[in-house]
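**Student:** Dropping a structure here in structure tokens format, bear with me for questions.
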Amino acid sequence: MYGDVAEILYSREQIDERVKELAAQITGVYQDRDLTVAVTLTGAFIFAADLVRHLPNSVRITFVRASSYRDAEEPQQVPQLDIPELGFDGRHVLIVEDIVDTGRTAVALIDAFRERGAASVRVCSFLDKTSRREVDVDVEFIGFTLTGSPFVVGYGLDRANRYRNLPFVGVLKPEVING
Ligand code: IMP
């Protein structure tokens, strides 16, 4: 698995440091309010696990599925959402994403939580691929902004459901991507 990686973009140490900073930023905004953290499956599971352990708030956690990618690298136009009925009315919802790419998943999730009566909805994404944005979306908390539009793996992010367990974020070798 490690041999498939061409370049490490963010090391484990850089990620740990940044996640702590993000948590502090989030706490600054929410103060001591109760939070509902909605984690997008599957890519955000590692990021969310690290992030919530740095939050002092009382936190409810739920997992949402938003499938805009299958095994391919091109998104479907409208993400399919699967959101458990936890009760979001009057709650402060923080959506935790692995990466905001076209922005379609984030927009669909924000709309879904607003429709469910959330008191506030904000987005925290580990990565931001701004150059690929297709819809306008406010991502309030961002771990790292990618320059260009590399396809990245690791720290939860996959290619064909592999490489999620890499402890860093990296780019795969061209021969791996092209099969
Ligand atoms: P979008 O913002 O709706 O286009 O979709 C974001 C989703 O696309 C993320 O949650 C990822 O699952 C997937 N994605 C986008 N770029 C990458 C990448 O570079 N590596 C792995 N998954 C990606």
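Here, each number is a calculation from the coordinates, and none is a lab measurement. Note that the coordinates shown come from a computational prediction; the quantities given were computed from them, not determined experimentally. Methodologically, a virtual Cβ is constructed for each residue, glycine included, from the backbone with ideal geometry; neighbour enumeration extends over all protein chains shown.
**Student:** Helix-only estimate, please: 222 nm mean residue ellipticity of the chain, summing -39500 (n - 2.57) across DSSP H runs of length 4 or more and dividing by its residues, to the nearest 500.
**Tutor:** Mean residue ellipticity at 222 nm (helix-derived): -7000 deg cm²/dmol.
**Student:** How many angstrom separate the Cα center of the stretch 94-118 from the Cα center of the stretch 139-164?
**Tutor:** The two parts, judged by their Cα centres, are 17 Å apart.
**Student:** Mind ordering 3-10, 80-87, 120-127 by average Cβ neighbours within 10 Å, highest first?
**Tutor:** Final packing ranking: 120-127, 3-10, 80-87.
**Student:** Rounding to the nearest 10 and keeping the result within 0 to 90°, find how far the Cα-based axis of helix 12-30 lies from the longest principal axis of the chain.
**Tutor:** Long axis of 12-30 versus the principal axis of the chain: about 20 degrees.
**Student:** At a Förster distance of 30 Å, what's the computed FRET efficiency of Glu7 paired with Asp136, Cβ-Cβ distance as r, to 0.05?
**Tutor:** 0.45
**Student:** Given Cβ point charges of +1 (Lys, Arg) and -1 (Asp, Glu) and nothing else, what value in debye, to the nearest 20, does the dipole of the chain about its Cα centre take?
**Tutor:** Dipole about the Cα centre, nearest 20: 220 debye.
**Student:** Could I ask something else about it? What number do you get for the stretch 13-148 when its Cα radius of gyration is normalised by 2.2 N^0.38 Å, N = residues?
**Tutor:** So the stretch 13-148 has a normalised radius of gyration of 0.99.
**Student:** Let me ask you something else. If you plug each phi of the stretch 100-112 into the Karplus form 6.51 cos²θ - 1.76 cosθ + 1.60 with θ = phi - 60°, what whole-Hz ³J(HN,Hα) values come out, in order, with x for Gly and Pro?
**Tutor:** Once θ is set to phi - 60°, the couplings for the stretch 100-112 become 9, 10, 5, x, 5, 5, 4, 4, 4, 5, 4, 4, 5 Hz.
**Student:** On to the next question. Mind ranking 36-42, 164-170 by how tightly packed they are, going by the mean number of other C-beta atoms within 10 angstrom, highest first?
**Tutor:** 36-42, 164-170
**Student:** While we're here: Restricting to the chain, compute how many DSSP beta bridges are antiparallel as a %, nearest 5.
**Tutor:** That works out to approximately 30 percent antiparallel.
**Student:** Additional query: Compare the peptides 23-30, 90-97 by average per-residue count of other Cβ atoms within 10 angstrom and give them in order, highest first.
**Tutor:** Per-residue mean Cβ counts within 10 Å order the peptides as 90-97, 23-30.
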